[in-house]
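Values quoted throughout were computed directly from the atomic coordinates according to the rules given, and no laboratory measurement underlies them. Remember, it's a predicted structure, so these values are computed and weren't measured experimentally. Methodologically, a virtual Cβ is constructed for each residue, glycine included, from the backbone with ideal geometry; neighbour enumeration extends over all protein chains shown.
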Amino acid sequence: MARRKLLLGNWKMNHTIAESKEFCSHSADMIKLVAEKGIDIGVAPSYLSLQTVKENAGNMIVAAQDCHFADHGAYTGFVSIPMIKELGIDWCLVGHSERRLYAAETSLTCNRKIKALIENKMTVVYCVGESLADFESGRTKAIVKEQLLIGLMDIAKEDTDKIVVAYEPVWSIGTGKNASVEIAEDICGYIRKLLADMFGQEKADTIRVLYGGSVKPVNVNEYMKAPDIDGALVGGASLAPDSFAELIKNI
Ligand code: PGA
């Protein structure tokens with residue numbers, strides 16, 4: 001089954017509301033480019049910019065970068081799913097390696113968030129990936145398997161249409177050292193095999209698996225052409241409108 005390619009920009013802690021609005025002033029041109037390609041595009045701004053981007057980015061996907069699993073409560077500094085949903089946002093990243101690293105997020109916490117998001121009919125982009133030490137000691141598949149099995153534990157087969165998986169080796173994020181297409185394809189294919197074990201081959205064939213880590217306009221299409229890579233999660237190269245448009249053009 002043909003899976004639609006997806007290009008998703010992760011803005012991380014970049015772009016104020018004004019800067020986000022400036023980016024959106026170029027969105028009509030981007031959407032025009034996309035229409036010719038038959039792909040999906042989107043961005044994940046900071047919480048503060050979600051509303052501005054949702055209102056100004058046409059039919060681009062707009063995703064939150066994180067959420068709390070509880071609907072409300074005494075969790076100072078966190079943002080709940082109902083707060084995000086109220087803005088009309090129905091996508092959310094979960095388990096990005098920077099959350100795992102700087103906010104001590106575990107796959108078990110990710111699992112709680114994923115379940116809560118699915119209950120709220122939101123689409124999840126679940127990020128997995130190994131550290132440099134794990135890569136160098138040949139533990140990539142073991143790490144990715146553990147993250148996937150725990151993160152997607154007890155998710156019903158019929159809810160897998162709400163799941164996108166992003167393979168992002170930590171050593172390739174923001175370093176300019178993108179994983180080779182061979183490595184990325186091997187691990188994305190492995191992820192699909194694990195998804196087939198969990199949810200059956202038919203479902204696994206419909207779940208999009210993205211690659212992320214130093215994707216740039218010059219290399220984006222290499223990944224897009226690989227059979228088990230259904231798109232890219234892009235950080236640095238998604239920030240400037242010119243660069244984001246270049247990514248789209250090169251697909
Ligand atoms: P990068 O980030 O493209 O800047 O390497 C990717 C990501 O963290 O999603």
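For this structure, a couple of remarks:
- Electrostatic dipole magnitude of the chain [Cβ: Lys, Arg +1; Asp, Glu -1; Cα centre; debye, to 20]: 100
- Highest mobility in the GNM of the chain, judged by mean-square fluctuation with C-alpha springs under 10 Å and restricted to Gln65, Gln147, Gln51, is found for Gln51.
- For a label point 7 Å along the Cα-to-beta-carbon line of Arg4, residues of segment 211-251 with backbone N under 16 Å: 230-232
- Net charge of neighbours whose Cβ lies under 14 Å from the Cβ of Pro227, counting Lys and Arg as +1 and Asp and Glu as -1: -1
- Each part gets one Cα centre, and for segment 101-158 versus segment 1-77 those centres are 21 Å apart.
- Helical contribution to [θ] at 222 nm, DSSP H n ≥ 4, -39,500 (n - 2.57), averaged over the chain, rounded to 500: -12000 deg cm²/dmol
- Proximal aspartates and glutamates relative to Lys177, as straight alpha-carbon distance under 13 Å, when same-chain residues fewer than 8 apart are discounted: Glu168
- Mean projected area in nm² (Cα convex hull; one quarter of hull surface) for the chain: 12.3
- A full extension of the chain between Asp197 and Ala18 corresponds to an added length of 59.9 nm, given 0.36 nm per residue minus the alpha carbon distance.
- With a Förster radius of 30 Å applied to the C-beta separation of Lys32 and Thr76, the computed FRET efficiency comes to 0.10.
- Restricting the GluC sites (Glu not before Pro) of segment 1-105 to loop positions (DSSP other than H, G, I, E, B) with no more than 16 neighbouring Cβ atoms within 10 Å leaves Glu86.
- Stretchable slack from Met153 to Arg139, in nm (0.36 nm times residue separation minus alpha-carbon distance): 2.9 nm
- Size of charge dipole - segment 102-148 - debye, nearest 20, with Cβ of Lys, Arg +1 and Asp, Glu -1, no other charges: 260
- About the Cα centre, charge dipole magnitude for segment 38-124 (Lys/Arg +1, Asp/Glu -1 at Cβ), debye: 200
- Charge dipole (segment 134-251, unit charges on Cβ, about Cα centre) - positive-most of Pro217, Val170, Met153: Pro217
- Trypsin sites (Lys or Arg not before Pro) within segment 88-147: DSSP coil, no more than 15 neighbouring Cβ in 10 Å: Lys121, Arg139
- Listed residues Gly77, Gly231, Gly213, most fluctuating in the chain (Gaussian network, C-alpha, under 10 Å): Gly77
- Of the DSSP H helices in the chain, those with a Cα length along their own long axis of 20 Å or more and a mean Kyte-Doolittle hydropathy reaching -1.0 comprise 181-199.
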